[in-house]
Amino acid sequence: MIVFTALDKEGGSTEFAYALSSIEAEFDFLSSLVAKGHTLLTVQLLDGSDRTDLPLAAFDGLPFSTFMEELHQEWLTTLRQPCQTDSSRHQELIRLTRLRIDQIEVAISAHERMIACSMRWLQRTQTSYLSDSRKTRLILRYESMIDFHKQQLRRARCRSQLIVNRLSHLLA
């Protein structure tokens, strides 16, 4: 669904919610409004509970569906062409994938160390004799650092699994 705010030719502002059969049709509709003299103020794409702001400059009065169909045809043509790999290229991909795994393992190790250090700093701060305001500030900072590195660690582990899967695929 598309939610947008537009100014009509007289300068009146109105908010709309619109759903058509396809994203191309929705984009064509918005572009046709611009072609008729309306000015888009905001455009958001709704997907479940997610809202994505769309760039207003994209809606310039020209239809989207023509360009989208051309792009679709280009992709189909590209995907129909067989992938040509030779042995040396394949070996290079394996080497680069292994290198990437090593890099991710270093990142995972660094995040684990930062979590451990931050937890020690947090524990020391919690038992320190600092003033309450400074202690609170430091505790919040260390907790924030721990949360950040835990999040980065989860992402790195996920990337690691994807890359290991890629390597398995290359070796098969």
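The values are calculated or read from the model by the stated rules, or taken from the named source; none is laboratory data. Predicted model, so just to flag it, every value in this text is computed and none were measured. Here Cβ is always computed from backbone atoms with ideal geometry, including for glycine, and neighbour counts include all displayed protein chains. For the accessible areas, the whole protein counts, side chains as well, though only heavy atoms, and no ligand, DNA or RNA atoms are used. Shrake-Rupley method; radii C 1.70, N 1.55, O 1.52, S 1.80 Å.
Between Arg80 and Leu171, the distance separating the two model label sites (each 7 Å from Cα on the Cα→Cβ line) works out to 3.7 nm.
Spread over its residues, the convex hull of the C-alpha atoms of the range 2-63 is 71 Å³ per residue.
Entry note, the chain: the mean residue ellipticity at 222 nm calculated from DSSP H runs of n ≥ 4, each adding -39500 (n - 2.57), is -22500 deg cm²/dmol after division by the residues and rounding to the nearest 500. Counting only protein heavy atoms and a 1.4 Å probe, the chain has 71 square angstrom of accessible area per residue.
Matching the structure-derived Rg/Rh (Cα atoms, Kirkwood Rh) against the labelled list (i) 1.20; (ii) 1.07; (iii) 1.09 gives the label (i). In this simple spin-label approximation, Tyr129 and Leu54 carry label points 7 Å from Cα along the Cα→Cβ vector, and these lie 6.4 nm apart.
Dipole magnitude for the chain: computed about the Cα centre from +1 point charges on Lys and Arg Cβ and -1 point charges on Asp and Glu Cβ, it is near 1660 debye.
Length, then width, then depth: along the principal axes, the Cα atoms of the range 82-172 run 67, 19, 15 Å. Each of Met119, Leu167, Leu99 was scored by the projection of its Cα onto the charge dipole of the chain, and the greatest displacement toward the positive side belongs to Met119; charges sit on the C-beta of Lys, Arg, Asp and Glu. When each of the peptides 131-142, 111-122 is scored by how many other beta carbons lie within 10 Å of its residues on average, the order from highest to lowest is 111-122, 131-142. Placing dummy labels 7 Å off each Cα toward the beta-carbon, the span from Arg98 to Ala35 is 5.7 nm. For the pair Glu10 and Ser65, what calculated FRET efficiency results from E = 1/(1 + (r/R0)^6), where r is the Cβ-Cβ distance and R0 = 30 Å, to the nearest 0.05? Using R0 = 30 Å, I get an efficiency of 0.55.
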